[in-house]
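Data block below; observations after.
The values are calculated or read from the model by the stated rules, or taken from the named source; none is laboratory data. Please read these numbers as outputs of a predicted model, since none were measured by experiment. Quick reminder, even Gly has a Cβ in these numbers, built from the backbone with ideal geometry, and neighbours come from all protein chains shown. We work out accessible area using only protein heavy atoms, side chains counted, and drop any ligands, DNA or RNA first. Shrake-Rupley method; radii C 1.70, N 1.55, O 1.52, S 1.80 Å.
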Amino acid sequence: MTTHTLSSEFITAALHPVFDEQIINYGAYNLIFATGHALYRNPDIAIQQQDSQEYFIIGYRDTPREVIVAPVLLPQALPAGTPTSIDNTNAIRAYSLNEDTFGLESTTGTSFILTIPQSIEIVLENGSGVLEQSSDILDFQNFLSESWLED
């Protein structure tokens, strides 16, 4: 079986619909890809999620200040559960574990530990390639710092 080498732009275009098809006004969000895990303490929210989530598309915007974490199933590039919105009304805290890993917690009982790699190999059903997002990381870190990040 031959696998195709996918460009970063192709991977971005393949992952975008996972977020776009679930979020109203999706064009208002900057998107970034993360790995990690989620904990859903509220059973009504947990039932809408697939087990073993490890890939996420994070949408963020300044006005209104909000982060949406959308789990994604790879290599299919499909939703792996219902996206979680964290904003000024339900954010408990955001904290940094190191320069590329952070935590987010909301009043709904949902929490995430997420790592945003500068580049990461992504395997999709039609091939694999490296997703480059080093230029986006600083913007997202600044967004978190200005929003909810604890020192």
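Per this entry, E9 is counted among residues that are within 15 Å of S128 (Cβ to Cβ) and loosely packed, with under 13 Cβ neighbours inside 10 Å. Considered as a group, the residues in the range 27-44 that are touching a Gly at 6+ places or on another chain (Cβ under 7 Å) and not in a strand (DSSP E or B) include one that is modelled with the lowest pLDDT, and that residue is N42. Checked against (1) under 22 Å from L124 (Cα atoms); (2) of a type outside the set (F, W, Y); (3) surrounded by 14 or more Cβ atoms within 10 Å (Cβ to Cβ), S52 passes all but condition (3).
Residues that are hydrophobic (A, V, I, L, M, F, W, C) and more than 13 Å from T84 (Cα to Cα) within the range 25-46 comprise A28, L31, I32, F33, A34, listed in sequence order. Has the range 105-119 got any residue that is more than 13 Å from the chain's Cα centre (by Cα) and hydrophobic (A, V, I, L, M, F, W, C)? No, the range 105-119 contains no residue that is more than 13 Å from the chain's Cα centre (by Cα) and hydrophobic (A, V, I, L, M, F, W, C). I'd like the full set of residues that are open to solvent by less than 80 Å² (accessible area, probe 1.4 Å), in a loop (DSSP other than H, G, I, E, B) and in contact (Cβ under 8 Å) with a residue 24 or more places away in the chain, limited to the range 76-108. Those that are open to solvent by less than 80 Å² (accessible area, probe 1.4 Å), in a loop (DSSP other than H, G, I, E, B) and in contact (Cβ under 8 Å) with a residue 24 or more places away in the chain: Q76, A77, A80, T82, P83, D100, T108. For the range 63-72, the criterion of a residue being open to solvent by less than 20 Å² (accessible area, probe 1.4 Å), in contact with a Pro (Cβ under 9 Å, 6 or more places away or on another chain), free of Cβ contacts under 8 Å to residues at least 40 places away in the same chain and part of a loop (DSSP other than H, G, I, E, B) is satisfied by no position. Residues in the range 109-126 that are outside any strand (DSSP E or B), surrounded by 16 or more Cβ atoms within 10 Å (Cβ to Cβ) and in contact with a Pro (Cβ under 8 Å, 6 or more places away or on another chain): 0 in all.
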